[in-house]
Structure formats: C-alpha cells, structure tokens
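Quick notes on the structure that follows.
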Amino acid sequence: MKFLSVVFTFLLISMMNPLVAQSYDTEVISAELYSDTIQRTGKLDYKRTLALSFKSSGYLNLLAVDEGDKFNKGQLLASLDVTELKQQKTSNYAKLLQAEREVKRMSQLMDANLGSERDLDTATTDVEVLRSAYQSSHYNLEKAQIYAPFSGVVLSRNTELGELQSPGQAALTIAKLEWIVKVALTGQEVAQVRLNQKVSVTLSHVGIVEGVISKMPAMAEGNSNLFTIEVLLPKIKISAGMIAGQLAGVTIAFDSNTFVYRLPISALVAVDDDGKAIVIAQTQQSTDFKQYSYEVFQIDNDYVYLKANRDDEALIIMTTGWQNYSKIGNK
C-alpha cells in the first residue's frame with residue numbers, strides 16, 4: 001500500500017508539473033566574438049618555377065646540371081658553342097672602329113673646307129648603327145650562357161649536348177628552393193583570412209609545420225568560383241619525399257569583430273521561413289522557457305552561430321530534450 005501511495009503521488013506531481021517527468025539539458029550561452037577554424041586540403045607546390053632558354057641559336061656545348069640536381073644562385077648551368085657569336089662580335093667591332101675613323105677623316109676635311117656636311121652626317125649615322133650592332137652582338141654572346149637566377153633545383157632537362165638550340169626553346173625548367181601549399185577557399189572563407197596570417201600545415205612525411213599566407217587572389221577562378229590562396233612554408237626546404245602535387249592539410253584559425261551566440265547544433269529546433277533559427281531559451285527577465293528566433297550567422301557540423309551584440313544578455317538554452325517539452329510559449 002505504501003508503494004502504491006508513492007507511485008500515485010509521483011504521477012500526481014508529474015501531471016501538475018511536466019518538467020519533473022521530462023528530461024532535458026540546458027547550457028548558459030553568452031555573446032562572444034565569432035572565431036572558428038577553416039580546415040582544407042591543399043596541394044604542395046614550388047613557390048616559383050622558371051623555364052630557361054637561350055636568346056640566340058646555336059649548338060649546346062655545356063650542360064652542367066641534370067634533373068634533380070641542386071644549384072646555387074649565379075652558377076653556370078648551360079652554354080652554347082660561341083665561336084660564331086665571337087666572330088660576329090669581332091667583325092662588328094672592327095666595322096665600328098672603321099666608321100669612327102671615317103668620321104674623324106670627314107671632320108678634318110670639313111675643317112679644310114674640302115668635305116660636305118651631308119657626308120659628315122652620313123658617317124656619323126653609320127657610327128651609331130654599327131655601335132648598336134656591336135652592342136647587340138655583345139649581348140647575344142652573354143646570353144649564350146645560362147646562369148642560375150636563384151638557388152634551386154632542376155625539375156626537367158629538355159635538351160642534350162650537341163643539340164641545336166632555337167631562341168625561346170626551353171632548355172631547363174628550374175624551381176626555387178621554397179615550398180608553398182595552394183588551397184581553394186570559398187568567398188566567405190577568404191574574407192575571414194588575411195595576408196601574412198600564420199596557419200598550421202600537416203604533411204604526411206614531416207608532420208605539422210608552420211605556414212604563412214603569402215598570396216591572396218583578387219578574383220575567383222572562373223569554373224569553380226573558388227579563391228586559391230598560397231601558404232608559404234618558410235621553415236621547410238626541399239627534401240627527400242617532398243613532391244609537387246602532394247596533398248597537405250591546412251588549418252586556419254581566425255577571429256572576427258562579430259558577436260554571436262555559439263549553440264550546440266542539438267539546440268536547434270528548426271529554421272523558419274525567414275531563415276531564422278528557432279531555439280528554446282530562458283532569459284534573465286523570464287523564469288519560463290519560451291520559443292525564440294534569431295538570425296543565423298553561420299552553421300557548421302557542431303555549432304549554430306546566432307547573431308548577437310556585445311551587450312546582449314546571456315541565454316539559458318535548452319540543448320537536449322526540447323522535443324518532449326510541452327510548456328513552450330511564443331515570443
């Protein structure tokens with residue numbers, strides 16, 4: 001009899017106060033600055049690649065490096081047979097000297113009233129033309145040799161010793177000794193990151209290393225509408241196992257000036273026709289839980305972020321059990 005009396009009393013209290021019979025969890029949520037992390041997979045690449053070629057045609061006489069070889073800035077990498085170019089330079093120099101002597105001779109004739117102004121002008125013009133030809137042949141001779149513009153590594157060798165080279169034909173493709181990771185972000189994500197921001201990069205054979213955002217595009221790619229940023233890895237040098245195109249995980253943490261309520265995704269009751277989030281909450285001015293709607297700032301897999309202001313009061317949010325809670329009012 002005593003047991004039945006206890007059960008009857010519990011049922012009576014439950015009917016009078018549904019909160020006793022219903023299980024739910026709450027959490028106090030305060031307005032805070034929105035912060036989050038962007039996690040994306042990018043591709044490892046060289047910061048700078050360059051195709052090296054000769055300005056003049058000629059037969060390849062020297063090839064000091066091969067694919068995979070490293071080199072230093074200013075190192076001679078390749079050279080043409082310069083016999084013909086040297087002869088051309090010597091010939092142009094001789095013609096220039098002869099033209100200068102002709103100008104001197106014409107000047108002497110003019111002083112003696114035996115020459116004409118026209119002949120002197122013609123001789124002077126010939127000097128300028130031949131000086132330009134000599135300078136061009138000197139420049140071509142210099143460009144018959146390829147010197148490394150920076151320290152780097154040879155990616156590909158596109159020619160052989162003794163092979164005839166054409167102007168503009170790539171003899172070597174080289175890369176600078178610096179790595180970057182290229183990562184594609186949406187428009188909203190790229191607006192939340194900044195140049196020179198530090199990020200975390202995970203490489204399968206190295207581990208976690210520090211990266212810095214070194215380049216941000218001004219416009220999206222045409223097909224995907226994504227923005228590809230570049231993350232420089234300043235503390236990583238070229239090493240065995242690092243290959244361009246290799247996948248790398250990139251984590252970008254960021255803060256903003258926007259205040260939000262950060263709620264567990266389980267607290268989201270629904271989204272109304274206006275796109276506002278519906279939650280069950282209790283404010284400091286009320287002792288009852290009611291239904292409230294807030295503008296959504298962001299939603300991810302774990303949280304829903306509701307727009308707030310700096311001085312907004314804290315909310316007691318029903319995070320679980322709201323499905324069975326019947327005493328819900330409307331506001």
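The values are calculated or read from the model by the stated rules, or taken from the named source; none is laboratory data. In this text the structure is predicted, and so the values were computed from the model without any measurement. All Cβ positions, glycine included, derive from the backbone under ideal geometry; neighbour counts span all protein chains shown. Just the protein is used for accessible areas: all its heavy atoms, side chains included, with ligands, DNA and RNA removed. Shrake-Rupley method; radii C 1.70, N 1.55, O 1.52, S 1.80 Å.
Residue 234 meets all of the listed conditions (1) closer than 30 Å to residue 70 by Cβ; (2) more than 16 Å from the chain's Cα centre (by Cα); (3) open to solvent by 20 Å² or more (accessible area, probe 1.4 Å) but one, namely (2).
Yes/no per residue for (1) part of a strand (DSSP E or B); (2) charged (D, E, K, R); (3) surrounded by fewer than 18 Cβ atoms within 10 Å (Cβ to Cβ):
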site: 56; (1), (2), (3): no, no, no
site: 79; (1), (2), (3): yes, no, yes
site: 86; (1), (2), (3): no, yes, yes
site: 91; (1), (2), (3): no, no, yes
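Could we say that residue 104 is loosely packed, with under 14 Cβ neighbours inside 10 Å and of a type in the set (Lys, Arg) here? Answer is yes for this residue. Within the stretch 263-288, if we keep just the residues that are among the hydroxyl-bearing types (Ser, Thr, Tyr) and assigned to a loop (DSSP other than H, G, I, E, B), the residue that is farthest from residue 31 (Cα to Cα) turns out to be 287. Of all residues in the stretch 194-214, those that are part of a loop (DSSP other than H, G, I, E, B) have Cβ atoms under 9 Å from Cβ atoms of residues that are buried (at least 16 other Cβ atoms within 10 Å of the Cβ) and of a type in the set (Ser, Thr, Tyr), 6 or more apart or on another chain, in 195/214; 196/214. The residue pairs whose first member lies in the stretch 260-271 and is farther than 14 Å from residue 302 by Cα, whose second member is part of a strand (DSSP E or B) and open to solvent by 40 Å² or more (accessible area, probe 1.4 Å), and whose beta carbons are closer than 6 Å, counting only pairs six or more residues apart or on different chains, are 260/297.
Applying the condition of being outside any helix (DSSP H, G or I) and open to solvent by 70 Å² or more (accessible area, probe 1.4 Å) to the stretch 107-138 and asking which residue is farthest from residue 57 (Cα to Cα) yields 113. Of the numbered criteria (1) open to solvent by less than 70 Å² (accessible area, probe 1.4 Å); (2) modelled with pLDDT under 90; (3) in a loop (DSSP other than H, G, I, E, B); (4) not aromatic (Phe, Trp, Tyr), the one residue 36 fails is (3). Looking across 269, 304, 279, one residue alone is at pLDDT 90 or above, under 15 Å from residue 32 (Cα atoms) and in contact with a helix residue (DSSP H, G or I) (Cβ under 9 Å, 6 or more places away or on another chain). It is 304.
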